[in-house]
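Engineer: Following this message is one structure expressed as structure tokens.
The values are calculated or read from the model by the stated rules, or taken from the named source; none is laboratory data. Treat the numbers as computed from the prediction; the structure is a model and nothing was measured. Cβ placement follows ideal geometry from the backbone for every residue including glycine, while neighbour counts extend to all protein chains displayed. Each accessible area value is taken on the protein alone, full model and side chains, heavy atoms only, with ligands, DNA and RNA left out. Shrake-Rupley method; radii C 1.70, N 1.55, O 1.52, S 1.80 Å.
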Amino acid sequence: TDGDTLVLGVSGGADSVSLLLAMHELKKAGKLDHRIIAAHFNHKLRGDESDRDEAYVRDLTTDRKIEFAVGHAEINIGGNLEQNARIARYEFLKRTADSVGASAILTAHTINDQAETFLMNLIRGSGPTGLCGIRPMRNLADSSLLLVRPLLAWAKRESTERFCRDLGVEYCCDTMNEDTAFKRVRIRKILLPLLEDMNPKIVETLANTAGLMQGAAPTEPAEPVGADELKIADLKTLPQSTLYATIRDWLKLHRGSTRSLQLKHIQAIERLVNSAKSGRVAEVPGGRVVKSGGRLRYEQNRVENRSSAP
């Protein structure tokens, strides 16, 4: 809606810088009537380089009189570093949006991000939900805030880099994006170039496939899932596709998301349902599902997260 406040996540990279500059130009031309706040989160993972990125975004916004918000945190380096950093970043963006009464958070994900995410989820054995990839728009959990990705359906990374160059604007390069210790970087630097030998349009093809998956009607659970426990007798009556959807929604309720869930986790719980024994356990990321007394119960792992932000 015209006049609303928008919070735009700006890392300093070409994607987010190009989106910020494009919105700023539209606002100057009177074609965009929104309050824009550029929000930068310093993960403190790359030492001086992280501080350099923060200073760059601060200068970029100051020169153009764009409102600027910054957050810092000590990221928990245990477990999945990329996921821990993402959670901390989105918590900061949501706090910023809430504090200024924003209606939406914008991020600069591109077609390339969609293709990489699709491949990551395919490789780890995701079901239909994971293969939907990144959605262009959704509500944040437990919030009326919209999360919007305006570039996702049409812009490629090379296009955002070219846009910055055409404007004569430098952008930051994250050295972690060159580190093949991270699965996403290996997909970007090794796997996608191999696939491009067979299909020069592989990035667009994978992104389009994710879009088609989003358009396909997913299997719904048997009924709205809201119970602390699930009755095994009820689950045994369900066809497999409905059983999987029910288990997935139940886990999402307790975990807050389906992130890191793989088909093997759903199948392990399916084996609990069909096993004649009681007192058995299926491990899932962040917790476990216990079978006892004819019911399934979710138990969260007790792991302390040291992430914080001033």
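Engineer: Among the residues of the range 12-43, how many are open to solvent by 70 Å² or more (accessible area, probe 1.4 Å) and either farther than 14 Å from ALA102 by Cβ or assigned to a helix (DSSP H, G or I) (or both)?
Structural biologist: The first filter runs over the range 12-43 and keeps only residues open to solvent by 70 Å² or more (accessible area, probe 1.4 Å), leaving 25-28, 31, 33, 35.
Now restrict to residues that are either farther than 14 Å from ALA102 by Cβ or assigned to a helix (DSSP H, G or I) (or both): 25-28, 31, 33.
Residues that pass the stated criteria total 6.
Engineer: Sort through THR246, THR242 and tell me the only one that's in contact with a Pro (Cβ under 9 Å, 6 or more places away or on another chain), modelled with pLDDT under 85, outside any loop (DSSP other than H, G, I, E, B) and under 21 Å from CYS132 (Cβ atoms). Even if it seems obvious, please write down each step before you answer.
Structural biologist: On the way: THR246 fails: modelled with pLDDT under 85.
None of the others qualify; the one that does is THR242.
Engineer: Within the range 49-85, restricting attention to residues that are of a type outside the set (A, V, I, L, M, F, W, C), buried (at least 18 other Cβ atoms within 10 Å of the Cβ) and over 23 Å from the mean Cα position of the chain (by Cα), which residue is farthest from ALA97 (Cα to Cα)?
Structural biologist: Step by step, filter the range 49-85, then rank; the result is TYR56.
Engineer: Another question about this same structure. Filter the range 185-204 down to residues that are in contact (Cβ under 8 Å) with a residue 60 or more places away in the chain and open to solvent by 50 Å² or more (accessible area, probe 1.4 Å), then give me how many there are. Spell out how you get there, then give the answer.
Structural biologist: Within the range 185-204, the subset in contact (Cβ under 8 Å) with a residue 60 or more places away in the chain is 187-188, 191-192, 202-204.
Restricting the remaining residues to those that are open to solvent by 50 Å² or more (accessible area, probe 1.4 Å) gives 188, 191.
Of the residues in that region, 2 qualify.
Engineer: Separate question: Checking the conditions here, which among GLY125, GLY133, GLY211 is at pLDDT 85 or above, within 18 Å of the chain's Cα centre (by Cα) and at positive phi?
Structural biologist: Working: GLY125 fails: at pLDDT 85 or above; GLY211 fails: at positive phi.
Selected residue: GLY133, the only one of GLY125, GLY133, GLY211 that is at pLDDT 85 or above, within 18 Å of the chain's Cα centre (by Cα) and at positive phi.
Engineer: Let me ask another. Could you tell me how many of the residues in the range 1-11 are closer than 20 Å to ARG95 by Cβ and open to solvent by 30 Å² or more (accessible area, probe 1.4 Å)?
Structural biologist: Start the filter on the range 1-11 by keeping residues that are closer than 20 Å to ARG95 by Cβ, which leaves 4-11.
If we keep only those that are open to solvent by 30 Å² or more (accessible area, probe 1.4 Å) too, we end up with 4, 11.
So the answer is 2.
Engineer: Test ALA97 against the stated conditions and say whether it is of a type outside the set (Phe, Trp, Tyr), modelled with pLDDT of 90 or more and part of a helix (DSSP H, G or I). It would help to see each step written out before you state the result.
Structural biologist: Numbers: of a type outside the set (Phe, Trp, Tyr): yes; modelled with pLDDT of 90 or more: yes; part of a helix (DSSP H, G or I): yes.
Taking the combined requirement at face value, the residue satisfies it.
Engineer: Enumerate the pairs (first residue in the range 150-168 and closer than 19 Å to ARG188 by Cα; second residue anywhere and open to solvent by 70 Å² or more (accessible area, probe 1.4 Å) and assigned to a loop (DSSP other than H, G, I, E, B)) with beta-carbon separation below 8 Å, excluding pairs fewer than 6 apart on the same chain, so at least 6 apart or on different chains.
Structural biologist: Close Cβ pairs satisfying both conditions: none exist.
Engineer: Now for a separate question. Scan the range 124-149 for residues that are without any contact (Cβ under 8 Å) to a residue 60 or more places away in the chain and open to solvent by 50 Å² or more (accessible area, probe 1.4 Å) and jot them down.
Structural biologist: Within the range 124-149, PRO136, MET137, ARG138, ASN139, ASP142, SER144, LEU146 meet the criteria.
Engineer: Keeping to the range 158-184, report how many residues are surrounded by 11 or more Cβ atoms within 10 Å (Cβ to Cβ), out of contact with any Asp or Glu (no Cβ under 7 Å at 6 or more places or on another chain) and not acidic (Asp, Glu).
Structural biologist: 13
Engineer: Regarding the range 80-88, can at least one residue be identified that is modelled with pLDDT under 95, part of a loop (DSSP other than H, G, I, E, B) and of a type in the set (Val, Ile, Thr)? If you could, list the steps in order and put the result at the bottom.
Structural biologist: Step one: of the range 80-88, the residues modelled with pLDDT under 95 are 80-88.
Okay, now just the ones that are also part of a loop (DSSP other than H, G, I, E, B), so 80.
So of that shortlist, the ones also of a type in the set (Val, Ile, Thr) come out as none.
No, that holds for no residue.
Engineer: Being modelled with pLDDT of 85 or more and open to solvent by 60 Å² or more (accessible area, probe 1.4 Å) is the filter here; which residues of the range 257-291 pass it?
Structural biologist: LYS264, GLN267, ARG271, ASN274, ARG280, VAL281, GLU283, ARG288
Engineer: Name the residues in the range 91-116 that are polar (S, T, N, Q) and more than 18 Å from ALA14 (Cα to Cα), would you? If you could, list the steps in order and put the result at the bottom.
Structural biologist: Taking the range 91-116 first, the residues polar (S, T, N, Q) are 96, 99, 103, 107, 110, 112, 114.
THR96, SER99, SER103, listed by residue number.
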